[in-house]
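S.K.: So that we are looking at the same thing, I have put the structure below in structure tokens.
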Amino acid sequence: MTAPTDTRPRRDWLRWASLALAAAGALDTIYLTWIKLAHARAAFCALGGGCDIVNSSAYSEIGGIPLALFGFGMYGVLLAVLALEDRLELLREYGRLAVFGLALTGTLYSAYLTYLELYVIHAVCPYCVVSAVVVTILLVLAIVRLVQPNPVDEAG
């Protein structure tokens, strides 16, 4: 008696972890966008503290558009690429590279923003730190995924 053969591709847990992180990053950045647009105070941040200082700085927007909204866009694209990676032929081939490129760009820009927080604005927003950590972990996962065999290729 032989064991049944599973012909489905094995689950790519790194992809699923990346999806979860991108969703967390999207939630974080949409909250930051709402705070900026509503002129609200961030939860768990002291009145006049780092969140307020960073959010009211000249560096918190580009052309009147909150930077957090650009972050939300990046996380949204990451979510779309990761979700469709095994469904669209183009993403089967280039999805991992696209995720790497987006995560690398996001990490580099987050490093620049962290520099601004620490050395120019002299205030730190914990929500911005969360986004920076999330996108950096996404970059690490993207690198690991790039060097591993593609589970979609192994199934075919």
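Laboratory data are not the source of any read-out in this text; all were calculated from the coordinates shown. None of the values given here were measured: they were computed from a predicted structure. Neighbour counts are summed over all protein chains in view; Cβ atoms, including those assigned to glycine, are modelled from backbone coordinates with ideal geometry.
S.K.: Of everything in the range 36-70, what is out of contact with any Lys or Arg (no Cβ under 9 Å at 6 or more places or on another chain) and of a type in the set (D, E, K, R)? Give them in sequence order.
M.R.: Correct list: 36, 41.
S.K.: Shifting gears a bit: The conditions are (1) in a helix (DSSP H, G or I); (2) in contact with a helix residue (DSSP H, G or I) (Cβ under 8 Å, 6 or more places away or on another chain); (3) of a type in the set (Asp, Glu), and residue 86 fails exactly one of them. Which is it?
M.R.: All conditions are met except number (1).
S.K.: Please go through the range 33-48 and give me each residue that is in a loop (DSSP other than H, G, I, E, B) and not aromatic (Phe, Trp, Tyr), ordered by number. I'd like the intermediate steps shown before the answer.
M.R.: Kept after step one, since they are in a loop (DSSP other than H, G, I, E, B), are these residues of the range 33-48: 39-48.
Hits for the range 33-48 are 39, 40, 41, 42, 43, 45, 46, 47, 48.
S.K.: Look at residue 60 and say whether it is buried (at least 16 other Cβ atoms within 10 Å of the Cβ), among the polar types (S, T, N, Q) and in contact with a strand residue (DSSP E or B) (Cβ under 8 Å, 6 or more places away or on another chain).
M.R.: Taking the combined requirement at face value, the residue satisfies it.
S.K.: Kindly indicate which of 80, 98, 103, 68 is surrounded by fewer than 17 Cβ atoms within 10 Å (Cβ to Cβ) and either assigned to a strand (DSSP E or B) or not charged (D, E, K, R) (or both).
M.R.: Every option except 80 fails the conditions.
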